[in-house]
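A short write-up of the structure that comes next.
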Amino acid sequence: QVQLVESGGGLVQAGGSLRLSCAASGSIFRRNVMGWYRQALGKQRELVATISSGGTTNYADFVKGRFTISRDNAKNTVFLQMNSLKPEDTAVYYCAAFPAGVWGQGTQGTVSS
């Protein structure tokens, strides 16, 4: 059974950084686009960034220049480095694999002003 397990969330002050990790089980990691999404309280889930198996990245406009997505195929892990965090970045961050359609349980990231 394929699972995605996120870690690395927490509480940080505005301007600070968090590094999220997503560990995947199974060979599906190497055949899928991996993505990070987020959902703030009362809002819809939105795409943050994606990375293909070949390393091609895509970012939402609101995180360009601040967040970096990367993946370690040998360790079946995808990362999201979040710098210059703002209070509006507060959300539950989810890892996902597509086209498999597998989601992690989410990790809370909170940015205080």
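The values are calculated or read from the model by the stated rules, or taken from the named source; none is laboratory data. Remember, predicted model here, so these are calculated numbers, not experimental data. Don't worry about glycine lacking a Cβ; one is built from the backbone with ideal geometry, like all the others, and counts go over all protein chains shown. These area figures cover heavy atoms from the full protein model, side chains too; ligands, DNA and RNA do not enter into them. Shrake-Rupley method; radii C 1.70, N 1.55, O 1.52, S 1.80 Å.
Data table
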{"item": "Residue pairs meeting the criteria (Cβ under 6 Å; at least 6 apart or on separate chains; first over 18 Å from Glu6 (Cβ atoms), in the stretch 51-77; second of a type in the set (Ser, Thr, Tyr))", "result": "Asn58/Thr50; Arg66/Ser84"}
{"item": "Where a residue in the stretch 27-43 is of a type in the set (A, V, I, L, M) and open to solvent by 10 Å² or more (accessible area, probe 1.4 Å) and its partner, wherever it lies, is part of a loop (DSSP other than H, G, I, E, B) and modelled with pLDDT under 95, with Cβ under 7 Å and at least six apart", "result": "Ile28/Val2; Ile28/Ala100; Val33/Ser52"}
{"item": "So Val102, is it more than 13 Å from the chain's Cα centre (by Cα), under 15 Å from Val5 (Cα atoms) and open to solvent by 20 Å² or more (accessible area, probe 1.4 Å)", "result": "yes"}
{"item": "Residue match in the stretch 63-75 (condition: among the aromatic types (Phe, Trp, Tyr) and open to solvent by less than 40 Å² (accessible area, probe 1.4 Å))", "result": "yes"}
{"item": "Matching residues in the stretch 9-19 - criterion: being open to solvent by less than 50 Å² (accessible area, probe 1.4 Å) and either touching a Cys at 6+ places or on another chain (Cβ under 9 Å) or assigned to a strand (DSSP E or B) (or both)", "result": "Gly10, Val12, Leu18"}
{"item": "Hey, Ala24 small (Gly, Ala, Ser) and over 18 Å from Asn83 (Cα atoms) or not", "result": "yes"}
